[in-house]
Amino acid sequence: YINTARPIEEFYGDWTATHEFSHLMLPYVSRRHRWISEGFASYYQNVLMSRAGHYTATEAWQYLYDGLERGKNSRPDLSLNEAADAGIRKARMKIYWSGAAIALIADVQLRERSGGEESLDVALDRLQRCCLPSRRTWSGPDLFEKLDALVSEPVFMPLYREHANAPGFPEFRPALRRLGIGVVNDRIRRLSTAELAHIRDAITTPPP
């Protein structure tokens, strides 16, 4: 529902539509693996709002960091698949942000190893071209195996095997440190001298 009486500026700064349209990057994913579909949309809602100029890069990374921290603190006793089985009411933040952590880690790995030739953007674009729209329900392994087949070497299934059925939360902080996202009192700073600062900036900048 859209309140047409509200000023347009409020919509420019709202992430809801960006999140929902981001779901169209993936096929319909089974409920047991909804952490993938919700997580990838949560990752892209921040990335795309920055690329469109509605967030600054610092704001995008702050919102992403805040969400990942909420996810990390949500139901550490559950694995990602168990959180999806428990449902939104019992494990909402883990469902929405564990997949975002996987998306971030995969995006960084793809960009680093390929020198920028591959990325999560590229993998999802290739998925669109080969396989979407799709009328069937995909499992998480189905989707990740297909994404791995579309890039030069596997990234997604190794992350699935490591995290999907393990309690806790994907460890995202090492990736943030290498990207030059410093955190002091829960506020982020972008460090220009970081090893992967160029990748950090590429993630939130519109591709050429």
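Assorted remarks:
- Residue within the range 47-66 that is open to solvent by less than 60 Å² (accessible area, probe 1.4 Å), more than 14 Å from the chain's Cα centre (by Cα) and closer than 22 Å to LEU143 by Cβ present: no
- The C-beta contact set for the range 104-131 (first residue of a type in the set (Lys, Arg), second residue open to solvent by 30 Å² or more (accessible area, probe 1.4 Å), distance under 8 angstrom, 6+ apart or interchain) comprises ARG111/ALA202; ARG113/SER152; ARG113/GLU153; ARG126/LEU150.
- One residue stands out in the range 181-202 among those that are of a type in the set (Val, Ile, Thr) and out of contact with any helix residue (DSSP H, G or I) (no Cβ under 6 Å at 6 or more places or on another chain): the one that is most open to solvent (accessible area, probe 1.4 Å), namely THR193.
- Scanning the range 14-31 for residues that are surrounded by 11 or more Cβ atoms within 10 Å (Cβ to Cβ) and under 20 Å from GLY67 (Cβ atoms) turns up ASP14, TRP15, ALA17, THR18, HIS19, GLU20, PHE21, SER22, HIS23, MET25, LEU26, VAL29.
- Residues that are open to solvent by less than 30 Å² (accessible area, probe 1.4 Å) and not in a helix (DSSP H, G or I) were ranked within the range 140-155; the one that is farthest from GLY67 (Cα to Cα) is VAL151.
- Meets criteria (farther than 18 Å from ALA164 by Cβ, part of a helix (DSSP H, G or I) and open to solvent by 10 Å² or more (accessible area, probe 1.4 Å)) for ARG34: no
- When restricted to residues that are assigned to a helix (DSSP H, G or I) and exposed (fewer than 14 other Cβ atoms within 10 Å of the Cβ), the range 156-180 contains 3.
- GLU118 vs. criteria among the acidic types (Asp, Glu) and either over 20 Å from LEU147 (Cβ atoms) or open to solvent by 60 Å² or more (accessible area, probe 1.4 Å) (or both): no
- Which numbered condition PRO76 misses (of (1) farther than 27 Å from PRO167 by Cα; (2) not in a helix (DSSP H, G or I)): (1)
The values are calculated or read from the model by the stated rules, or taken from the named source; none is laboratory data. Every value quoted in this text rests on a predicted model; they were computed, and no experiment measured them. Don't worry about glycine lacking a Cβ; one is built from the backbone with ideal geometry, like all the others, and counts go over all protein chains shown. Keep in mind that these areas ignore ligands, DNA and RNA; they rest on the heavy atoms of the full protein, side chains included. Shrake-Rupley method; radii C 1.70, N 1.55, O 1.52, S 1.80 Å.
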